[in-house]
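Colleague: One structure follows; several queries about it will come next.
The values are calculated or read from the model by the stated rules, or taken from the named source; none is laboratory data. The structure displayed is predicted, hence computed values, not measured ones. Here the Cβ positions follow ideal geometry from the backbone for every residue, glycine too, while neighbour counts run over all protein chains shown.
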Amino acid sequence: MNLLKLLGWEVERATKPYLILITLLVVAQFAWLGFFLWSETNMYEEIRRTGTPDYVLTFANYLGGTPFILSIGVAVAAMVFFSFWIWYRDFQGRGTFMMRLLLMPQKRMIVFGAKLVTMMLMILGLFSVQWIALKLQYIAFSSWLDSQMIPVGGSFEQAIRFDGALSPMYPASFVNFLIHQVLIVLVILFIFAFVLIERSLWQRTLWSPIIAILMLGALIAVPVTAFFFLESRLFMDEMMVVVGLGLMGWMSVTVWLSRLYLTKKLSV
Amino acid sequence: MKRMWNVAALGAVIVIGLGTFAFDMRDTKAEWDLAVTTNPEVWKDQTVNLYYNTEEGEKERFEVTIDQSQVTTDLNYIEQALAYDDEVDSSVRDFYRQLSGLSFVQSIQTPDGYIGIGQDGNKEIAVFRLNGQDVTKQIFGTDVNGASELMDSPWAGLFVRAGNVHVIYRDGYGENPVTKIAMIDEGAKQIKIETVKLQDEAISSVTGTSWAFRPYVATIDADNRFIPVSMTEQTSVTEGGETYLSEQEKAGLHAYDVETKQVVELMPDGDMWNATVYEDQLIALQEGGTELVVDLKTGKQSTRQVIDGSVGTTSYVGDQLYHARPTKEGAVIDVYQDGKAISSAVVKATNDEAKALLPSTQFYVE
């Protein structure tokens, strides 16, 4: 079974919960948009009756609403949860599914690769759906307010750029977007490494999750301490090189750890 | 095969969504050209900054030199690092590396090199000197008399007199602030403090002192008698039966006279907005395009007509005045030195994207 077949398999297994998540997010956001526009229009009408309303609505007002922020939070939480679940579900029951995967003649890292690519495809898919949804929401937002003769300020780009959650998701430069995706890959690699260490030790000790956390905690703490030591001694461009090297180092070590436990120590 | 359809569908969603995002976030295509009409030597290391700002908050920045035009807004992390690498000259890196660990830093450039002073929290004061490639560092801990007071106070700026660094600072907040000068004697490892006699006034900044990393600053002579400063004044305001103190910038040009140890008024209503301290001169552009020149060794003042007609946007680089006037296609930038026009250049929008930005674009040489 090659990588593509495994990938197809993983994606198929994720399709149902993934589609439910997307539907939930899109419906929640559009419902909030509808409610937001309805309440703002009512409020504006009321002010218009009593005097001249002197405030201008921006798309950022809608994006700053709790339901919208919550919808983004739910998506992030779901992806973090799924990064664990994509492994743990294979260990469910008596771990027969994982057993089948491990007994495949191909290298075990293909299983690892397929799960990583599946996660990234799902995350990029969410980014894409959210971007398209945002554009549609802006069209609905501005055309509704225009039709009600309610002044709209600011542009779509500005609203995205100054939003705490959306600006790192959709930075003004596409290269930065790719760099942020690398950071997301790194988070997933840490989660994968945690699961594989924990699953390798669970039959030997009850403390396996704590051991996994301590190992990965040390992996995080040592470079971060070095970073704070170096921070005030290096220039911005030198710091960027150090951070770049650090990220590459983290990636290599998490993949190496995962490989070590997946190929040599994993027990079902 | 059937399973691959899920992957293909997800891939298609990603391509459509992120394709739209990449298209929306594409870089500006506006391009500019700097053509020097006279005296190209002046423009060899000079950069024209173009600021495009609209009321809707759209912003674009460009840097134009005789070799290239480049956008400087929304640079990605790699471009930012490369731009910074270009900006900080390798010859001054050692000096600034010494300063970068400090919580607060000020520096000036004298004919003998850079002099910087900084503090590490409330633990110590450090004085740095850079001469050529040599960096020297002198530390003043809390055991040195006056060091603690200097660390607790906001600094207005620096000057050098008889080889020693002097820090003008403000002792105390709120009512009746006292302006003091700390002379840092590196040889004797002492700090001597003197109070500047001022009534309801304080020195807020010393013209020509830069904060933290500014490698390209004008050279200031070490033994100037007059140190150009900005002042604030406190007035008592009564509103709704309540009286409170209000502090604001004081109009006019002022200088601290190191011989009489007093602040003198060089000009009552002069504007410090466009002013430079270069070696032993203070040059300030006045309304109507005249320059006031003050000899900082003697205090002698003179004026000269520089810009004829209306004044556009101006800036000083060293002792050179750059004056940009907008035209239909961009801007004309004239350069003046010692009151005389020495060079002229034209910045032009070279494509439609740049032409569209023209009505809201300002031009500065920095």
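Colleague: Any residue in region A:82-107 that is on the phi > 0 side of the Ramachandran plot and at pLDDT below 80 sitting within a Cβ distance under 6 Å of a residue that is surrounded by 12 or more Cβ atoms within 10 Å (Cβ to Cβ) and not polar (S, T, N, Q)? List the pairs, counting only those 6 or more apart or interchain.
Modeller: Sorted first by the residue in region A:82-107, then by its partner, the pairs are A:Gly95/A:Val268.
Colleague: When you look at B:Ile191, is it touching a Gly at 6+ places or on another chain (Cβ under 7 Å) and part of a strand (DSSP E or B), yes or no?
Modeller: Details: touching a Gly at 6+ places or on another chain (Cβ under 7 Å): yes; part of a strand (DSSP E or B): yes.
The answer is yes for B:Ile191.
Colleague: Is it fair to say B:Ser230 is surrounded by 13 or more Cβ atoms within 10 Å (Cβ to Cβ) and assigned to a strand (DSSP E or B)?
Modeller: Spelling it out, B:Ser230 is indeed surrounded by 13 or more Cβ atoms within 10 Å (Cβ to Cβ) and assigned to a strand (DSSP E or B).
Colleague: Tell me, which residue of region A:154-174 that is of a type in the set (Gly, Ala, Ser) and assigned to a helix (DSSP H, G or I) is surrounded by the fewest Cβ atoms within 10 Å (Cβ to Cβ)?
Modeller: A:Ser167
Colleague: Let me spell it out: the conditions are (1) on the phi < 0 side of the Ramachandran plot; (2) within 14 Å of chain A (Cβ to nearest Cβ), and B:Val127 meets all of them except one. Which number is the exception?
Modeller: (2)
Colleague: What number goes with the only condition from (1) within 20 Å of B:Leu10 (Cα to Cα); (2) among the hydroxyl-bearing types (Ser, Thr, Tyr); (3) at pLDDT below 95 that A:Thr118 does not pass?
Modeller: With respect to (1) within 20 Å of B:Leu10 (Cα to Cα); (2) among the hydroxyl-bearing types (Ser, Thr, Tyr); (3) at pLDDT below 95, A:Thr118 is out only on (3).
Colleague: Follow-up. Against the definition (under 26 Å from the mean Cα position of the chain (by Cα) and either charged (D, E, K, R) or more than 13 Å from chain B (Cβ to nearest Cβ) (or both)), how does A:Leu214 come out, yes or no?
Modeller: When the stated conditions are applied, A:Leu214 passes them.
Colleague: Report those strands (runs of 3 or more DSSP E) wholly inside region B:265-304 carrying at least 2 residues which are under 20 Å from the mean Cα position of the chain (by Cα) and closer than 19 Å to B:Val217 by Cα.
Modeller: Here the list reads B:275-278, B:281-285.
Colleague: Look at region B:309-335 and say how many of its residues are part of a strand (DSSP E or B) and under 18 Å from B:Gln46 (Cα atoms).
Modeller: 17
Colleague: When the residues of region A:14-33 are narrowed to those that are free of Cβ contacts under 8 Å to residues at least 12 places away in the same chain and within 13 Å of another protein chain (Cβ to nearest Cβ), which ends up surrounded by the most Cβ atoms within 10 Å (Cβ to Cβ)?
Modeller: Ranking the candidates gives A:Thr15 first.
Colleague: Take region A:139-181 and flag every residue that is more than 7 Å from chain B (Cβ to nearest Cβ) and either at positive phi or basic (Lys, Arg) (or both).
Modeller: Within region A:139-181, A:Met149, A:Arg161 qualify.
Colleague: Here are some conditions: (1) within 29 Å of B:Trp5 (Cβ to Cβ); (2) among the aromatic types (Phe, Trp, Tyr); (3) more than 14 Å from every other protein chain (Cβ to nearest Cβ). A:Trp131 meets all but one. Which one does it not meet?
Modeller: All conditions are met except number (3).
Colleague: So A:Gly125 ticks every box in (1) away from chain B (no Cβ under 14 Å); (2) of a type outside the set (Lys, Arg); (3) assigned to a helix (DSSP H, G or I); (4) surrounded by 15 or more Cβ atoms within 10 Å (Cβ to Cβ) but one. Which box is left unticked?
Modeller: (1)
Colleague: Now for a separate question. Hey, can you tell me all the residues within region A:37-56 that are without any contact (Cβ under 8 Å) to a residue 12 or more places away in the chain and not in a loop (DSSP other than H, G, I, E, B)?
Modeller: Listed by number, the residues that qualify are A:Trp38, A:Ser39, A:Asn42, A:Met43, A:Glu45, A:Glu46, A:Ile47, A:Arg48, A:Arg49, A:Thr50.
Colleague: Now for a different question. Residues that are within 14 Å of chain B (Cβ to nearest Cβ), in a helix (DSSP H, G or I), modelled with pLDDT of 90 or more and over 26 Å from A:Val185 (Cα atoms): does region A:57-64 have at least one?
Modeller: Within region A:57-64 (the criterion being within 14 Å of chain B (Cβ to nearest Cβ), in a helix (DSSP H, G or I), modelled with pLDDT of 90 or more and over 26 Å from A:Val185 (Cα atoms)), the answer is yes, since at least one residue qualifies.
Colleague: Select from region B:127-186 the residues that are more than 24 Å from the chain's Cα centre (by Cα) and among the hydroxyl-bearing types (Ser, Thr, Tyr) and write down the one among them that is surrounded by the most Cβ atoms within 10 Å (Cβ to Cβ).
Modeller: B:Ser148
Colleague: Now, a different point. Determine which single condition A:Phe229 fails, assuming it passes every other condition in (1) within 14 Å of chain B (Cβ to nearest Cβ); (2) part of a helix (DSSP H, G or I); (3) under 25 Å from the mean Cα position of the chain (by Cα).
Modeller: Tallying (1) within 14 Å of chain B (Cβ to nearest Cβ); (2) part of a helix (DSSP H, G or I); (3) under 25 Å from the mean Cα position of the chain (by Cα), A:Phe229 fails exactly one: (3).
Colleague: For A:Met1, all conditions in the list (1) farther than 21 Å from A:Ala165 by Cβ; (2) modelled with pLDDT of 90 or more; (3) within 14 Å of another protein chain (Cβ to nearest Cβ); (4) over 18 Å from the mean Cα position of the chain (by Cα) hold save one; what is the number of the exception?
Modeller: It fails just one condition, (2).
Colleague: Under 6 Å between Cβ atoms, at least 6 apart or on separate chains: pull out the pairs that start in region A:150-161 with a residue that is farther than 16 Å from A:Ala133 by Cα and end on any residue that is modelled with pLDDT under 85 and of a type in the set (Gly, Ala, Ser).
Modeller: Sorted first by the residue in region A:150-161, then by its partner, the pairs are A:Gln158/B:Gly57.
Colleague: Can you find a residue in region A:232-251 that is hydroxyl-bearing (Ser, Thr, Tyr), outside any helix (DSSP H, G or I), free of Cβ contacts under 8 Å to residues at least 24 places away in the same chain and out of contact with any Asp or Glu (no Cβ under 9 Å at 6 or more places or on another chain)?
Modeller: There is at least one residue in region A:232-251 that is hydroxyl-bearing (Ser, Thr, Tyr), outside any helix (DSSP H, G or I), free of Cβ contacts under 8 Å to residues at least 24 places away in the same chain and out of contact with any Asp or Glu (no Cβ under 9 Å at 6 or more places or on another chain).
Colleague: Counting just the residues of region A:128-149 that are among the hydroxyl-bearing types (Ser, Thr, Tyr) and free of Cβ contacts under 8 Å to residues at least 40 places away in the same chain, which one comes out surrounded by the most Cβ atoms within 10 Å (Cβ to Cβ)?
Modeller: Only one residue tops the list, namely A:Ser128.
Colleague: Mind checking whether some residue in region B:92-100 is out of contact with any strand residue (DSSP E or B) (no Cβ under 9 Å at 6 or more places or on another chain) and farther than 30 Å from B:Ile181 by Cβ?
Modeller: The answer is yes; a qualifying residue exists.
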